[in-house]
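Student: Below is one structure. I have some questions about it.
The values are calculated or read from the model by the stated rules, or taken from the named source; none is laboratory data. The structure displayed is predicted, hence computed values, not measured ones. Virtual Cβ from ideal backbone geometry, glycine too; neighbours counted across all protein chains shown.
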Amino acid sequence: MYQYNRGGFFARMPLVIKNIIIINAFMLILTMINREFMLEHFALFFPTSHFFKPWQVITHMFMHGNFTHLLFNMYALWMFGSVLEQLWGPKKFLLYFLVTGLGAAALHMGVQWIGISSLVHKIGENGPETMAALSRYRMMVNVPTVGASGAVYGILLAYGMLFPNNELRFIFTPFALKAKYFVIIFAVIELVLGLIGGGNIAHFAHLGGMIFGFFLIRHWRKRNRMYY
C-alpha cells in the first residue's frame with residue numbers, strides 16, 4: 001500500500017529552518033519597504049555608534065541586504081542545516097544557530113574594535129591625519145552589518161565535522177570534494193580575504209561562526225551530549 005505524503009517541499013522542511021527562512025524573507029520585505037528604518041533599528045552597529053541598540057546582536061542575523069544575499073544564505077542553511085536539525089532536533093539546532101550567529105558578531109566587532117582603537121589613538125594625537133582618522137572612525141562605527149552568514153558558516157563547519165567524508169559537488173561543475181576539505185578551503189579563503197581587507201563582506205564574522213561552532217561541538221562531544 002502506498003501512503004501519500006501530503007504537503008509540498010516547504011511543508012516537509014525542518015521546523016526551525018522553515019521558520020528562519022520565513023522570518024528572513026519577511027524582514028527583507030520590510031527592508032525593501034523602508035530600508036533606512038530597518039537598517040537603523042535592526043542591523044548591527046558598533047556599540048559606540050548612536051545607532052547601536054542591544055537587540056541588534058540578534059536581529060541582524062535575520063536581515064539581508066538584497067534578495068541574492070538572502071537566497072544564497074537560505075539555500076546553504078537548508079542544504080547543510082536540514083540534516084543537522086533532523087539529527088539534533090529543533091531546540092539543539094536553534095541553540096547552535098544562535099550561538100554561532102552571536103559568535104560571528106563577537107569576532108566581527110572584536111576586529112572592528114582593533115581598527116577603531118588605532119583610529120582613536122590617531123585622533124587623540126591631533127596630527128595631520130586627525131581629520132582623515134575621524135572620518136574613517138565615523139564610517140566604521142556607523143556601518144550596519146546584516147546577514148545570517150556567520151551562523152550559516154557555523155552550520156557548514158558542523159556538517160564538515162559530523163560528516164567529514166560526505167562528498168559535496170560544486171554547482172555546474174564535475175568536481176566533488178569531501179566535506180572536511182570543503183570546510184577547510186572556505187575557512188582559508190575567509191581568513192585570507194579578511195586579512196587583505198576591502199569590500200563590504202564581514203569575513204571575520206564568517207570565521208567567528210566557524211570558530212564558535214567548532215568549540216561548541218567539541219564541548220558537546222566531550223560531555224557526550226552531541227545527539228541529545
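Student: Output yes when any residue across region 197-211 is β-branched (Val, Ile, Thr) and free of Cβ contacts under 8 Å to residues at least 60 places away in the same chain, and no when none is.
Tutor: Yes: one or more hits.
Student: Among the residues in region 120-136, are any of a type outside the set (A, V, I, L, M, F, W, C), under 24 Å from residue 104 (Cα atoms) and over 24 Å from the mean Cα position of the chain (by Cα)?
Tutor: Yes; the residues of region 120-136 include at least one that is of a type outside the set (A, V, I, L, M, F, W, C), under 24 Å from residue 104 (Cα atoms) and over 24 Å from the mean Cα position of the chain (by Cα).
Student: Residues that are within 18 Å of residue 144 (Cα to Cα) and of a type outside the set (A, V, I, L, M, F, W, C): find the helices (runs of 4 or more DSSP H) completely inside region 1-79 holding 3 or more of those.
Tutor: Hits in region 1-79: 35-42.
Student: Next question, about the same structure. Could you grab me the full set of residues in region 79-88 that are touching a residue at least 12 places away in the same chain (Cβ under 8 Å) and either surrounded by fewer than 20 Cβ atoms within 10 Å (Cβ to Cβ) or of a type in the set (Asp, Glu) (or both)?
Tutor: 82, 83, 85, 86, 87
Student: Search region 17-34 for residues being farther than 24 Å from residue 89 by Cα and in contact with a helix residue (DSSP H, G or I) (Cβ under 8 Å, 6 or more places away or on another chain), and hand back the single one that is surrounded by the fewest Cβ atoms within 10 Å (Cβ to Cβ).
Tutor: Restricting to residues being farther than 24 Å from residue 89 by Cα and in contact with a helix residue (DSSP H, G or I) (Cβ under 8 Å, 6 or more places away or on another chain), the top hit is 30.
Student: Continuing with this model, one more query. Take region 138-161 and flag every residue that is part of a helix (DSSP H, G or I) and farther than 30 Å from residue 87 by Cα.
Tutor: Residues satisfying the conditions are 138, 139, 140, 141.
Student: Which of the numbered conditions does residue 122 fail, given that it passes all the others? Conditions: (1) at pLDDT below 95; (2) under 21 Å from residue 142 (Cα atoms); (3) of a type in the set (D, E, K, R); (4) in a loop (DSSP other than H, G, I, E, B).
Tutor: All conditions are met except number (4).
Student: A follow-up question, please. Among the numbered conditions (1) buried (at least 19 other Cβ atoms within 10 Å of the Cβ); (2) under 30 Å from residue 11 (Cα atoms); (3) out of contact with any Gly (no Cβ under 7 Å at 6 or more places or on another chain); (4) among the β-branched types (Val, Ile, Thr), tell me where residue 145 comes up short.
Tutor: (2)
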